[in-house]
1. How do the strands (runs of 3 or more DSSP E) wholly within the stretch B:132-223 filter down when requiring 1 or more residues that are under 11 Å from the mean Cα position of the chain (by Cα): which remain?
2. Determine which member of the set B:10, B:50 is within 25 Å of residue B:270 (Cα to Cα) and either open to solvent by 60 Å² or more (accessible area, probe 1.4 Å) or in the same structural domain as residue B:213 (by TED's automatic domain parsing) (or both).
3. For residue A:94, work out the one condition from (1) within 12 Å of residue A:74 (Cα to Cα); (2) more than 15 Å from the chain's Cα centre (by Cα) it doesn't fulfil.
4. Cβ-Cβ under 9 Å, sequence separation 6+ or interchain: first residue in the stretch A:47-63 and within 14 Å of chain B (Cβ to nearest Cβ), partner among the β-branched types (Val, Ile, Thr) and in a strand (DSSP E or B). Which pairs?
5. Taking only the stretch A:14-54 into account, find how many residues are of a type in the set (Asp, Glu), modelled with pLDDT of 90 or more and either closer than 23 Å to residue B:313 by Cα or touching a strand residue (DSSP E or B) at 6+ places or on another chain (Cβ under 7 Å) (or both).
6. Considering each residue of the stretch B:300-326, count those that are among the hydroxyl-bearing types (Ser, Thr, Tyr) and either assigned to a helix (DSSP H, G or I) or open to solvent by less than 10 Å² (accessible area, probe 1.4 Å) (or both), and give that number.
7. Any residue in the stretch B:110-121 that's exposed (fewer than 14 other Cβ atoms within 10 Å of the Cβ): show its pairings with residues that are aromatic (Phe, Trp, Tyr) at Cβ separation under 8 Å, as long as the two are six or more apart or on different chains.
8. Return the only residue of B:203, B:209 being at pLDDT 95 or above, open to solvent by 10 Å² or more (accessible area, probe 1.4 Å), over 25 Å from residue B:144 (Cβ atoms) and in contact with a Phe, Trp or Tyr (Cβ under 9 Å, 6 or more places away or on another chain).
Amino acid sequence: MADAQGPYSPKVMEHFLNPKNMGEIPDASGIGEVGNPSCGDVMRLYLKINENEIIEDAKFMTFGCGAAIASSSMVTEMIKGKTIEEALKVTNETVAEALGGLPPSKIHCSVLAQQAIEAAIKDYREKKAKK
Amino acid sequence: MKQIFMDYANATPCDSRVLEAMLPYFIEKFGNPSSHIITKGNEALSALDNSRKIVADFIGAKFEEIIFTSGATEANNLALKGYAFANQHRGKHIITTEIEHFSITSPLRTLERLFGFEVTYLPVDSFGFVSPDELKKSLRNETILVSIQLANNEIGTVQDLKELISVVKENSSAVFHSDATAGCGFIDINVSELNIDLLTLSPTSLYGPKGVGALFVKNGLVLQPLIEGGFQEGGLRSGTENLPAIVGFAKACELGKIEMSDRCNYLKPLRNRLWEGIEKNIDFVHFTGHPEKRLPNNVSFWIEFAEGESLLLMLNYMGVMASSGSACSSNLRGKSEDDLVASPVLTAIGVPKDICTGSLTFSLGMSNTIEEIDYVLQIFPGIVNRLWQMSPFYLDKIKGHTPKLTKVDK
């Protein structure tokens with residue numbers, strides 16, 4: 001079903017047009033970069049994690065469609081202030097839900113957001129283990 | 001907010017003169033042309049005949065060589081499947097190109113998959129041109145049909161049909177079909193000068209209505225009808241004719257013939273202004289299609305580090321409507337991500353396939369103005385820059401390192 005807004009919910013458009021937490025964290029504790037081969041989207045998530053394993057800051061850089069950019073923006077908002085264990089519980093469904101839903105063909109963009117968290121935390125743990 | 005429409009390749013509004021011509025055929029002259037013994041039916045039949053005459057004149061065809069359909073898609077299906085089914089005893093090889101519309105390639109895939117035909121998809125060069133030599137080499141004794149578009153609605157390239165047709169005629173007994181949908185509003189077509197056998201037309205680029213098209217079928221060719229159950233259109237296309245749309249189509253052709261060169265002369269400078277402005281003001285832009293042998297209203301390109309759907313959404317937010325061939329923007333009504341497909345036209349001309357490119361097509365129309373072009377040129381660099389600022393690829397480009405994807409275990 002189409003509506004007057006176009007293919008995306010108002011929430012998606014809000015996050016697409018005014019994304020939160022866009023940019024780099026130069027001294028990030030963990031960086032996750034994931035991509036989607038069917039669409040070509042690439043999402044890079046930077047996390048700043050403190051000694052209590054709380055995500056103090058999260059930023060993103062994304063190449064992709066409106067849904068990919070909005071999912072990136074939303075996910076940074078959702079995980080800021082959370083512990084990494086809590087952040088790992090964020091799923092693609094909760095991202096899509098927070099965005100007021102995504103078109104079926106764009107669900108993979110929210111999956112990308114979930115994968116980006118996993119990849120960034122994996123990177124953080126690997127870096128920590130090396131120290 | 002102003003609304004600036006620059007997607008005329010996908011839709012033109014009805015010219016008010018076209019609409020005016022159509023209106024009587026909804027209420028007053030509603031008859032069925034097949035019931036022409038009675039007055040209302042006869043009135044409808046004369047309108048149908050008159051429309052057929054006008055559309056035939058538009059391309060230099062004979063009256064009985066025009067078959068009205070529900071649009072260019074149906075006309076393409078009828079040309080390909082209809083000719084293949086009726087002539088398969090002569091051979092089962094068909095030649096087409098890699099840059100045809102889906103209404104050409106999809107029926108051809110069906111002919112391959114279900115009916116044992118073999119199809120050669122000719123590659124094109126970086127401008128989108130088919131090589132006459134390649135075409136000649138791919139012709140076989142059992143080639144019955146060659147289908148090559150007149151112009152490409154996405155990258156704007158106009159083929160040299162005359163040369164391609166003569167290659168086919170001199171070296172084989174195959175018939176030649178062309179989908180002229182994207183070109184017929186800008187290029188004067190004469191079927192006898194071209195020596196073409198089948199040609200698809202629609203009023204999409206002619207400011208006519210949707211839901212109508214036509215197939216030119218040269219006298220003497222035999223086609224198997226795809227839609228059966230009546231005697232309309234010489235038995236080649238059953239079903240009560242969509243008379244208001246057919247009358248509108250004819251009016252659009254009549255006006256198009258008279259005004260074609262004026263329209264081209266109006267659109268070309270606007271097109272050039274947009275092209276030059278983009279070239280001058282934006283980095284990492286790659287124009288697609290041939291610079292001269294192209295539709296007068298088409299500017300197409302792709303931009304590195306920015307994705308097509310995002311470009312479209314931001315332009316649309318600023319009131320500017322264009323189109324994109326990027327996978328992300330391809331089928332938003334699809335059921336899953338598998339329904340997203342990058343434009344085969346872009347991959348055929350060598351645009352990198354593995355990245356979802358920032359492809360855009362601006363196709364201009366008669367209501368566009370210099371002020372609108374300048375507005376687009378004013379806002380577009382900012383839009384591109386904003387997407388670049390979000391793009392990890394752009395960041396990497398600036399910092400000079402290459403991105404690496406992290407694998408995630410599912």
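1. B:175-179, B:198-201
2. B:10
3. Checking residue A:94 against (1) within 12 Å of residue A:74 (Cα to Cα); (2) more than 15 Å from the chain's Cα centre (by Cα), the one that fails is (2).
4. Pairs that qualify, where the first residue is within 14 Å of chain B (Cβ to nearest Cβ) and the partner is among the β-branched types (Val, Ile, Thr) and in a strand (DSSP E or B), are A:47/A:31; A:47/A:55; A:61/A:42; A:62/A:42; A:63/A:42.
5. Residues that pass the stated criteria total 4.
6. Residues of the stretch B:300-326 that are among the hydroxyl-bearing types (Ser, Thr, Tyr), as a first pass: B:300, B:310, B:317, B:323-324, B:326.
Adding the requirement that they be either assigned to a helix (DSSP H, G or I) or open to solvent by less than 10 Å² (accessible area, probe 1.4 Å) (or both) leaves B:300, B:310, B:317, B:326.
Residues flagged as among the hydroxyl-bearing types (Ser, Thr, Tyr) and either assigned to a helix (DSSP H, G or I) or open to solvent by less than 10 Å² (accessible area, probe 1.4 Å) (or both) within the stretch B:300-326 amount to 4.
7. Qualifying pairs under 8 Å: B:115/B:85.
8. The unique qualifying residue is B:209.
The values are calculated or read from the model by the stated rules, or taken from the named source; none is laboratory data. Here the structure is a predicted model, which means the values were calculated and not measured. Please note: Cβ atoms are built from the backbone with ideal geometry, for glycine as well, and neighbour counts cover all protein chains shown. Ligands, DNA and RNA are stripped out before the accessible areas are found, and what is left, the full protein with its side chains, is counted by its heavy atoms. Shrake-Rupley method; radii C 1.70, N 1.55, O 1.52, S 1.80 Å.
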